[in-house]
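> The following block contains the structure, expressed as structure tokens.
What follows is calculated from the coordinates using simple rules that are stated; it is not laboratory data. As the structure is a computational prediction, the values presented were derived from the model and not from experiment. Every residue, glycine as well, gets a Cβ built from its backbone with ideal geometry; the counts of neighbours run over all protein chains shown.
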Amino acid sequence: MASNARIAADLAKIADLLELTDANPFRVRAYRNAARTVQDAPRPLAERVRAGEDLRSLPGIGKEIAAQIVRKVGGGAMEPLEELAGEVPPGLLEVVRVPGVGPKRARVLWRELGVDGLDALEAAAEGGRIEGLKGFGAKTQQAILAGVASVRRFAERVRRADAGRTVAPLVAWLEADEAVRRLEIAGSFRRGRDTVGDLDLLVDTDDHERTMARFRAYDDVDQVLGSGSEKTSLTLSDGLQVDLRAVPAESFGAALQYFTGSQAHNVRLRKRAQERDLRLNEYGLWRPSDETRVAGADEAELYRALGLPWIPPELREDRGEIEAAEADALPRLLERGDLVADLHVHSDWSDGTADLRTMMRAAREHGLSVLGFADHGPALRMTGGLDRAKLLRQHEALAELSDAVPGLTVLRGLEVDVHADGGLDLDDEALALLDVVTVSVHGAFDLSEAKQTERLVRAVSHPLVHVLAHPTGRLIGRREGIRVDLHAVIEAAAAHGVALEINANPARLDLDERWARTALEAGVPLSVASDAHGPEGFAVLEHGVLQARRAWATKDRVINAWPLARLRSFLAKEP
């Protein structure tokens, strides 16, 4: 089955191959934009194709790309993949993923040094052959060595959002069988971790053999690793391993708790059971004296039997959740429905795919009542960023659209680049025209920790700044975050009334949950932002909310969950 994640991956792969072969940059960008559109699409494209819908109605999907998607859904391969595969060594696509390399540099390394994969790249860097190439240097060579290690470290894990898109049609396929009474995804996926190694599915079924056979018959199965009446393990076409376990109804709650984890949380619960002369395992909570099952069918029942309220899966990391539960002090965690605003959204005034009106309508359709546009500033020229003159023209356009979407308040914002020295890419007079000033780092990632810290502290100390976006600049699986003392940045943000962003883009999820919680504990509020570049982009907010929940965030600590009056007070820097 051609899932959205698989289609998007193929489109992104074509973009990389085109760039490696020095193809027309407009065609490269078209495939990259299409990959983003497909990645963000809330509805399976395979379903649209089977319904006979015209894919060209989606932003960034033209005739050529629509035809390739139809081929993929029909079971074929996208033609550019077949055409370009023979022109580029397959291992070069791994080289592209190394932070600091990218397609253009990978092409140079391939042609000048014969680098055709990670091993060859690592050997060239260790042998000192890269620093002599034009445009590289000793620092780049060292960064590439670190990048190779990073790529290998991430190789065995998948972004949670990608795994979710892959598994959703599989879950629907299994649940369509009347023999299945209940099906749940457990593991780190249920806890909301940003990456997962594999997926654990638990099923309560009337017919074990029938359900396992249906699982094996799913049309996206690549290889069955092992199968029996109680458990089947297989891999899907994108390499993701999925394990399905059949669990009786009377043990389902205990199994769900056990396989959700984390290991550290489970160890604490088992110890708690032992202190009460009980035994806890994946089959239930037992009284050893007479082998009576005390609880097991329901998770909440199991926690109650251990003297605790039910603990949300996102908190089950042994980071104080058991102590909070004992004190009846578990937070009422942020929910997607709490968000009323999104303060970091792009339009076609910079590198977005849709106009202002379209993005406004999409925001309202996603349940938002406040929208903050944050197109790029002038530093990112390749995005068509807004200088002062263009910013003023956008404000005129927004004024004309002030009543275009009933129930929606639009805030004028900008995503302003932070220079290497911490200065901002727009003068104070222009910044003062904005309702929301969002600052972010898009370059000079290789500065020392001291320089990066000084850079961000200076930026968040600026009196006109409201939000620091994707603070570390990480790209999950592709680029580590910058080296920075986040404690110092958080301290400065607290002192100057600046919120830190949890960027909900599944490739970022930045800040991560540990630093987001540190920020909250220091009194710094969060902003959960979609960073949407098209109408479908708002759908990723759920991933940002999940990250915020793992940080123990409540509605009261997230600025875009506040009523408009309170939000305006924060933006005005009122005490």
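> Can you compute the FRET efficiency between residue 175 and residue 237 using 1/(1 + (r/R0)^6), with r the Cβ-Cβ distance and R0 = 22 Å? Round to the nearest 0.05.
Efficiency for this residue pair is about 0.60.
> Here is a further query. Starting from the Cα coordinates of the range 1-104, work out the convex hull volume and express it per residue in Å³.
So the per-residue Cα hull volume is 99 Å³.
> Hey, another quick one. Straight distance only, please: which aspartates and glutamates reach the Cα of residue 451 with their own Cα at less than 12 Å, same-chain residues fewer than 8 apart left out?
Excluding near neighbours in sequence, the set is 421, 485.
> If you don't mind, there's one more thing I want to ask. Taking neighbour counts of Cβ atoms within 10 Å as a proxy for exposure, in what order, fewest first, do 480, 513, 126 appear?
Taking fewest neighbouring Cβ atoms as first place, the list is 126, 480, 513.
> Going highest first, how would you order 442-455, 247-260, 214-227 by mean Cβ packing within 10 Å?
247-260, 442-455, 214-227
> If you don't mind, there's one more thing I want to ask. In whole Hz, what ³J(HN,Hα) sequence does the range 415-423 give by Karplus (6.51, -1.76, 1.60; θ = phi - 60°), x for Gly and Pro?
9, 9, 6, 9, 5, 4, 8, x, x
> To the nearest 20 debye, what charge dipole does the range 263-394 have about its Cα centre, counting +1 at the Cβ of each Lys and Arg and -1 at the Cβ of each Asp and Glu?
Dipole about the Cα centre, nearest 20: 360 debye.
> Quick one: what are the phi-derived ³J(HN,Hα) couplings along the range 553-569, Karplus 6.51/-1.76/1.60 with θ = phi - 60°, whole Hz, x for glycine and proline?
With coefficients 6.51, -1.76 and 1.60, one gets 6, 10, 3, 6, 10, 10, 5, 8, 9, 7, x, 4, 4, 5, 4, 4, 5 Hz.
> Which order do 72, 139, 134 fall in if you start with the one that has the fewest other Cβ atoms within 10 Å?
Ascending number of Cβ neighbours within 10 Å: 134, 139, 72.
> For residue 72, go through the lysines and keep the ones whose alpha-carbon is under 23 Å away, minus same-chain ones fewer than eight residues off.
Cα-Cα hits under 23 Å: 13, 63.
> In addition: I need the peptides 497-507, 150-160, 413-423 ranked by packing, meaning the mean over residues of other C-beta atoms within 10 angstrom, with the highest value on top.
In decreasing order of mean packing, 497-507, 150-160, 413-423 become 497-507, 413-423, 150-160.
> Which one of 462, 286, 343 is farthest out on the positive end of the charge dipole of the chain, using unit charges on Cβ (Lys, Arg +1; Asp, Glu -1) and the Cα centre as origin?
Result: 462, furthest along the dipole toward the positive end.
> A follow-up question, please. Any lysines with Cα under 29 Å of the residue 555 Cα? List them, leaving off those in the same chain fewer than 8 positions away.
List returned: 573.
> Just order 539-545, 295-301 by mean Cβ neighbour count inside 10 Å, highest at the front, would you?
So the order, starting with the most tightly packed, is 539-545, 295-301.
> Report the extension gain between residue 119 and residue 421 in nm, rounded to one decimal, defined as 0.36 nm multiplied by the number of residues separating them, less their alpha carbon distance.
105.1 nm
> Can you list the HN-Hα couplings for the range 529-534, worked out from phi with the Karplus curve (6.51, -1.76, 1.60; θ = phi - 60°), rounded to whole Hz and with x for Gly and Pro?
These are the phi-based 3J(HN,Hα) values: 10, 7, 6, 5, 10, x Hz.
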